[in-house]
Amino acid sequence: MTPSVEMGIVSTGMAFGERRDVAATAADYVPYPEDVAALGYESYHRIVDGVTATALAVEAAREALENADLAVTDVDLIVVGNSDVPEYLGWDGSAAVARALGAHGTPTVLFTQACAAWSLALDHAAGAMALSTDTNTVLVVLVNVVSEAHSNRMDFNGSIASDGAVAAVLHRGHPRFRRLASARFTNPEFADLFRIERGGAAAPLPLPGREHLRSDPMVAVYEHFGRDPGRFKGFIEEIHGRVADVVDEAFARAGRDRKDLARLIYVNEGQQGIRAVADAVGIPFERTNAQLASELGHMGAADQLICLWRHVEAGELARGDLVALAGVASPGMHWFCTLIEV
């Protein structure tokens, strides 16, 4: 199976919060810093007060356009993915990014499906090109800025959350960094895992005397499995196994052989998690993004494209290499993979 339209990444741009050392700052977030150290992160990025996700996204977008030698008026569609809490309710972050870029009249789309937003954004770009011959250049922007009023960046979902953005200029028929195929899987049984109980329309206010931050979403995970270690272990094994499944499906859709996989780029999870996924997929740990993950922290939907470009810049990928960008978005439990030919 081949995609109905070919497109490739022309350029990227990136923007990060300030680099912070994990060992030096862990005690500011958790009572037991040694637990955080066991995740294997060296550093993460945190925006300075007053910087917004929109500002970070716009900075990355401008760099991507400059690297492609394009003006925003050359862009036919802007697709934005935001994987953390939005800046405002009743508000569209994609329109805000377009306004800041001066893209008056350019259609925009917003994806908020957590860490899977980047995969949906690339698929939407391909679909838009397939549906309209007038759509030739798409700007995809992915951003993650942790709302520290809602979650603890060092005590959430087994990773250290980090603030960063990446933008990519995609063009129809571009011969490099081609999107070959994608695959996704959702297990709706886990729709409520990691749910933050307070703050949404169902329960807009925190409990009296408590803040949103103290509403630990991991409680729902423990309760879902009845605090049974065996059931929880099976859940973890399913996470890793289904990553291998979507990688296989993406290769099958592209008509390629998984033995030709050059590198697996996963969510910037802790080192143990990346190793388990590498074992499930059948690729050496050294051919993953593990080292980059330890340096960058988990940047939500921005992880995969940032790591892809960092590996290219380091000379670790050659033309024609097949790279699987894969991951799992824990809110809702979505598994995803996009196959890229360098």
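Here, each number is a calculation from the coordinates, and none is a lab measurement. Everything numeric here is computed off the predicted structure, so don't read it as measured data. Glycine gets a Cβ as well: all are built from the backbone with ideal geometry, and neighbour counts include every protein chain shown.
In whole Å, how far is the Cα centre of segment 107-144 from that of segment 264-317? Their Cα centres are 22 Å away from one another. In a reduced charge model with +1 at each Lys and Arg Cβ and -1 at each Asp and Glu Cβ, the chain shows a dipole moment near 520 debye about its Cα centre.
Rounded, prolate or oblate: which one fits segment 64-139, using the alpha carbon gyration tensor with axes a ≥ b ≥ c (rounded when a/c is under 1.5, else prolate when a/b beats b/c, else oblate)? Walk me through the intermediate numbers first.
Values: a/c = 1.78, a/b = 1.28, b/c = 1.40.
The shape class here is oblate.
If you wrap the tightest convex hull around every Cα atom of the chain and split its volume per residue, you get 139 Å³. The overall shape of segment 54-208, judged from the alpha-carbon gyration tensor, is prolate: a/c is not under 1.5, and a/b is greater than b/c.
The three principal axes of the C-alpha atoms in segment 3-51 carry coordinate ranges of 52, 29, 14 Å, sorted with the longest axis first.
In order along segment 164-181, the Karplus-derived 3J(HN,Hα) couplings, from 6.51 cos²θ - 1.76 cosθ + 1.60 at θ = phi - 60°, round to x, 9, 9, 10, 9, 9, 10, 9, 4, x, 5, x, 10, 6, 7, 7, 8, 5 Hz, and Gly and Pro are given as x.
Across all Cα atoms of segment 165-204, the radius of gyration (one decimal) and Dmax (whole number) stand at 18.5, 49 Å. Quotient of the Cα radius of gyration of segment 245-342 and 2.2 N^0.38 Å, N being its number of residues: 0.99.
How long are the semi-axes of the equivalent ellipsoid of segment 1-90, taking √(5λ) for every eigenvalue λ of the Cα gyration tensor, in whole Å from largest down? Please report the intermediate quantities before stating the final value.
Working: eigenvalues 230, 62, 41 Å².
Working from the Cα gyration tensor, I get semi-axes of 34, 18, 14 Å.
Computed over neighbours whose Cβ is under 10 Å from that of Ala53, the net charge equals -3, Lys and Arg +1, Asp and Glu -1.
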